[in-house]
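Asker: To start, I am sharing the structure in question, which I have written as structure tokens.
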Amino acid sequence: MQTLYLAIVILALLAIVFGAILGFAAIRFKVDGDPIVDQIDNLLPQTQCGQCGHPGCRPYAEAIANGEAINHCPPGGETTIKALADLLDVEVIPLDAEHGTEAIRTIAYIREDECIGCTKCIQACPVDAILGAAKQMHTVIIDECTGCDLCVEPCPVDCIDMIPIDVTPVSWHWQQPEQLIATSSLPHSHGESDHA
Amino acid sequence: MHKIWNFHGGVHPNENKTQSNQLPIVVMPTPKQLVLPLSQHIGKAAKAIVERGDYVLKGQLIASAQGFVSANIHAPSSGYVSALVERTLPHQSALSGPCIVIDTDGKDQWVELNPATNPESLSKQELLNLVHAAGITGMGGASFPSAVKLQLKSDIHTLIINAAECEPYITADDRLMREYADQIIAGIRLLQQLLGQPQCLIGIEDNKPEAIAALRLALSHNMDQHTNIEVCVIPTKYPSGGEKQLVEILTGHQVPHGGIPANIGIVCQNVGTAKAIFDAIIKGQPLIKRITTVTGKAAANAGNYEVLIGTQVEDLLAFAKVDLTRTSRLVMGGPMMGFTIQDTQTPLVKGTNCILAAADLELAPVADHHACIRCGQCEVACPADLLPQQLFWFAKAEEFEKAQDHNLSDCIECGACAWVCPSQIPLVQYYRYAKGRVKSINSEARLAELARQRFETREQRLVDEKSAKEEKRKIRAVAAAAAQAAKRAANPTEEDPIAAALARVNKQKQEQQTAAAPKSPEEAYKELKTAAAITRTKLKKTSTALANAKAKDHELEASLQQTVDQLTVKAEAALAELKAYEAKLGLDPEKEKTLLVAVAKTNAAIRKLEKTLATAEDPQALEKDITEAKAAHQIATQSLADHQAKPASAQES
Amino acid sequence: MVDYLLILVSTVLVNNFVLVQFLGLCPFMGVSSRLETAMGMSLATTFVLTLASLCSYLTYTYLLEPFGLEFLQTISFILVIAFVVQFTEMVVHKTSPLLHKVLGIFLPLITTNCAVLGVALLNIKKANGFIESILYGFGAAVGFSLVLILFAAMRERITVADVPAPFKGAAIAMMSAGIMSLAFMGFTGLVAI
């Protein structure tokens, strides 16, 4: 019987001591904020387009930090998914088609003949890439445009086109060579490869 | 005897140099057309300073360097500038870029030249200016503007002249040295003068005994002046002609990672560049020609040709009697570092040292490659002491960070690893792909960062504007309330100021409507066009919303349908009003467009016929066609003018 | 002195906890997909193992043994280990939030790592003294870290290699671990402890 009491007392003592130390440590090592959000935000393409369902890239970064899937960003595409997977040590998953598909980068272009100077596109642009004022001609600054597409909707005369960027010898890059090794294909695809 | 070191790796492919180095250099006659790309060098493209129709003399400046890293371009022969157009560039991508096209007149008339009268008295800066003005770029293939490369702040103790020409098939430098050794030595002396009299080492492979003898003979003339120039014979190995490899062979030092030879007090220049500098300073001639090897079994007259820059490949191939039907692959450059060209109208540029017309199976056909067997031969062969196998795995798996950790940027893309690979994996293509991706990822990250900053600044601006507005509003509200209270206190019987203001505004509006000033036709037209466009856009947007609602079976479908019907009516009305206005004024934008197209077409037909006139077999028949085409063009222009004059006449009547 | 060295050699190589005694396999397979996380995990585990080994020994010698409560060793060791792990987690969270995020659930899972409890219990079984207990725990951790890092480096290469499709992923990882284990069995008989 005495052993039982002793056992309970010793265990309780251990628990209290450890609990006290942990409680003190919890206050001493308290972490404010969440710096991981900054690191996630740095990997996102900053188009602020909203295709992920969040009003901008930072809110989506915060959502990812809270566990949201990393495959909701079409402008970032596979590169961003891979980078996020690397950072957070999760699996690489394909882009969620519900949020859009990865398209080539485009730049907005205003057809100046039809522009009526209403400034609605200027207010919509998240990076202030449209130059103009009320009743003055509006034009897109090509270097600043991220191709987010948010200016097309508000235009009342539908005079904004999204044009893909031309490839120049400076921006041209080599493609990855074709890989025809049997092990590159997944087991359920292309039944022609007869390697075991 | 200067000590020779060795660099890691390297391979020994068949040299195939006897095909083209047996005969002296042949000067190719001036071709009918010269195409000068504005970007023949690393750095910013030059800007054309001539226009279509200008007459230019041989050696005249036709495009000037833009910015610090850029080079001038000169007309290689006299003639008329026939166009400033996009032509296929001598680049792996086969993209087109802006070029100046010159139709030569055969006179080959030089512009007034200014050779240096007393070159030894020229200062470093003056020499640099002359080199820059002559548009000299590296002739070994990289085409870096020489004036920039030679403009250094650090002290240079060794000038290395790259006479190695290590790549198989190419013999341009070999013949150049055999025939112009004296000029080359003179060019080297000028370079030494420019760089502060460093010692000079000429690195030349031992497979060129005649060239070595020629250089040594040239040095033996005026022995006392050339005491610090030495010919260093190095063992034949590919790629000993690579700048970093040659530095290591001749000095035993390695160029630091990410650095240039100038960081360790060394400058390298190709032997052809040395000759070009001689031509520029002593003869006053800008860089307008170079020696290019034409080789390969499909070339009947394989050899070295002195060609004008801008000569199209097909002209050179015709002169060298290359049988294009036998050519399985046409390569610009050598078999290791060159690229295949499809368009034979591609022009030769300052860095084109070889055209290889391979017949049948002279060059191995592009084959499917096998799996990497991890044999490690590539690592043995790599002259930059890298791990090609690891770079391959990383490039394949798109793990670019790891590839960069393994010094991907130090790869000189020589192709030695791909040459030894038993599985025939196109390793260099993988590295180029990886480098390209790294570059684009970095630039995207930079752009994203800028966009984020702009976004955050904008957010801040909006917040500031809002709070400023709030402040102002508060102040104004307080002031207004005080003023109103004071007014009411002073004048208790006055009517409500708001109602008075409204009455004033309404009166103003009514006055405006009755005394409406007549709008000019253009204003009215634009207003109608805008109104039509606005209603059309609203209709389009609501229709899209309706389609979406129908697809998702949304509750707003009914009300959306109603709005769509209303807007359709409005849009049609606006469009009808616009059309009525156009009819009233006799405007017809559709018809105007058709007439404009007709004018352009007839114009193009004339130009096309004129172009073929020069090489036609039956000029008289063509002349008749041209007259007909001109008449058609005249008719089209007249119809357009009539149509455009209509509104004015309609207005007057 | 030689005894201490022998303990180290034994725990790190001959009787490696992961590959020979097959303890602690959960974090071994779970955290070894990337080298950076493996290094972080090994540091955390080393810290936990050494500290837990020490605390367990002290608890047993001064709290349980004097009062004849040896039968409480398992539960009190678990208490000790849980405390140490929780403390470690807080420190990691503060000093390296990224590592904390990346290690994720595996950090608290060190609590259930059978190697940790195994070390504590084995110390008692072998009647190790104070220094020996610490060294035993430290050696076990070094052995765990060594194997974890080796395996992570290998897995990174396997990920990009031409593995036949049916073997990709966990299958080839398991097979590689098995072959590594065979290799480490080669140390058998080196030290008789």
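Asker: Rounded to the nearest 0.05, what FRET efficiency do residue A:6 and residue C:174 have when you use their Cβ-Cβ distance and R0 = 35 Å?
Answerer: The calculated FRET efficiency here is 0.15.
Asker: Residue B:81: net charge of surrounding residues, Cβ under 9 Å, Lys/Arg +1, Asp/Glu -1, itself excluded?
Answerer: That works out to -2.
Asker: Another question, then. For the range B:368-458, what ratio Rg/Rh do Cα atoms give with a Kirkwood hydrodynamic radius?
Answerer: Over the Cα atoms of the range B:368-458, Rg/Rh equals 1.15.
Asker: Moving to a separate point now. Output ³J(HN,Hα) for the range C:120-131: one whole-Hz value per residue in order, computed from phi by the Karplus curve 6.51 cos²θ - 1.76 cosθ + 1.60 with θ = phi - 60°, and x for Gly and Pro.
Answerer: So the Karplus estimates, Gly and Pro as x, are 4, 6, 5, 4, 5, 4, 7, 6, 6, x, 5, 4 Hz.
Asker: Compute the Cα gyration tensor for the range B:96-136, then decide on rounded, prolate or oblate, letting a ≥ b ≥ c be the square roots of its eigenvalues: rounded whenever a/c is under 1.5, prolate when a/b is larger than b/c in the other cases, and oblate in all that remain.
Answerer: oblate
Asker: Still on this structure, I have one more. Against the empirical 2.2 N^0.38 Å scaling, what ratio does the C-alpha Rg of the range A:1-158 come to?
Answerer: That works out to 1.73 for the range A:1-158.
Asker: Within the set of other residues whose C-beta is less than 13 Å from the C-beta of residue B:447, count the net charge using Lys and Arg as +1 and Asp and Glu as -1.
Answerer: Net of charged neighbours comes to +1.
Asker: Within 10 Å of each Cβ in peptide C:76-83, how many partner chain Cβ atoms are there on average? Round it to a whole number, please.
Answerer: Other-chain Cβ atoms within 10 Å of each residue's Cβ, averaged: 3.
Asker: Taking 0.36 nm per intervening residue step and subtracting the Cα-Cα distance, what contour gain separates residue B:491 from residue B:457 on full extension?
Answerer: 7.3 nm
Asker: Also, quick follow-up: All other residues with a Cβ under 14 Å from the Cβ of residue B:128 taken together, and with Lys, Arg as +1 and Asp, Glu as -1, what is their net charge?
Answerer: +2
Asker: Per 0.36 nm of contour for each residue apart, how much would the distance between residue B:18 and residue B:556 grow if the chain were fully extended, relative to their Cα-Cα spacing?
Answerer: Additional length available on full extension: 185.4 nm.
Asker: First check a/c for the range B:36-179, with a ≥ b ≥ c the square roots of the eigenvalues of its C-alpha gyration tensor; if it is under 1.5, answer rounded, and if not, answer prolate when a/b is larger than b/c or oblate otherwise.
Answerer: Cα axes put the range B:36-179 in the prolate bin.
Asker: Compute the projected area of the convex hull of the Cα atoms of the range B:26-290, averaged over all viewing directions, and report it in nm² to one decimal place.
Answerer: Projected area, direction-averaged: 14.4 nm².
Asker: At 7 Å along Cα-to-Cβ for each site, give me the label-to-label distance between residue B:113 and residue B:4 in nm.
Answerer: 3.6 nm
Asker: Sketch the reach of a paramagnetic label on residue B:409 as a point 7 Å from Cα along Cα-to-Cβ, and name the residues of the range B:208-246 whose backbone nitrogen lies under 20 Å away.
Answerer: Counting only backbone N, you get B:243-245.
Asker: Any chance you could check the Cα centroid distance between the range B:424-485 and the range B:1-38 for me, in angstrom?
Answerer: After rounding, the separation between the Cα centres reads 53 Å.
Asker: Right, another one. With a/c under 1.5 counting as rounded, go ahead and sort chain C into rounded, prolate or oblate using the C-alpha gyration tensor (a ≥ b ≥ c being the square roots of the eigenvalues; past the cut-off, prolate if a/b is larger than b/c, else oblate).
Answerer: The shape class here is oblate.
Asker: So if R0 is 45 Å, what FRET efficiency would residue B:608 and residue B:360 give, r being the distance between their Cβ atoms, rounded to the nearest 0.05?
Answerer: Computed FRET efficiency for residue B:608 and residue B:360: 0.75.
Asker: Extent of the protein assembly as shown along each principal axis, from alpha carbon coordinates, in Å, largest to smallest?
Answerer: 128, 115, 67
Asker: Please give the contour-minus-distance gain from residue A:142 to residue A:85: 0.36 nm per residue of separation, less the Cα-Cα distance, rounded to one decimal in nm.
Answerer: 17.4 nm
Asker: Where does each of C:148-154, B:634-640 land if you order them by average Cβ count within 10 Å, highest first?
Answerer: Highest mean packing first, the order is C:148-154, B:634-640.
Asker: Just to compare against my own numbers: the Cα pair-distance distribution for chain B, 20 Å bins, whole % per bin, please.
Answerer: Spelled out bin by bin, chain B gives 14, 34, 24, 19, 8, 1 percent.
Asker: Hey, got a sec? Which trypsin sites (Lys or Arg not before Pro) in the range A:17-87 land in a DSSP loop and have at most 15 other Cβ atoms within 10 Å?
Answerer: Hits after loop and neighbour filter: A:30.
Asker: Taking the simple approach of a point 7 Å from Cα along Cα-to-Cβ for both residue C:94 and residue B:541, what is their distance in nm?
Answerer: Between residue C:94 and residue B:541, the label points sit 5.5 nm apart.
Asker: I'd like the distance between the alpha-carbon centres of the range C:118-149 and the range B:521-550, rounded to an integer number of Å.
Answerer: 79 Å
Asker: Of A:82/C:101; B:402/B:435; A:30/C:101; A:82/C:94; A:135/B:469, which sit over 20 Å apart, Cα to Cα?
Answerer: Violating the 20 Å Cα-Cα cut-off are A:82/C:94; A:135/B:469.
Asker: Efficiency by 1/(1 + (r/R0)^6): what FRET value for residue A:178 and residue B:397, r their Cβ-Cβ distance, R0 = 25 Å, to the nearest 0.05?
Answerer: 0.95
Read-outs: derived from the displayed coordinates by stated rules, not from any lab. Bear in mind that the values here come from a model prediction, so they are computed numbers and not experimental data. Using ideal geometry, Cβ is built from the backbone for each residue, glycine included, and neighbour counts are taken over all protein chains shown.
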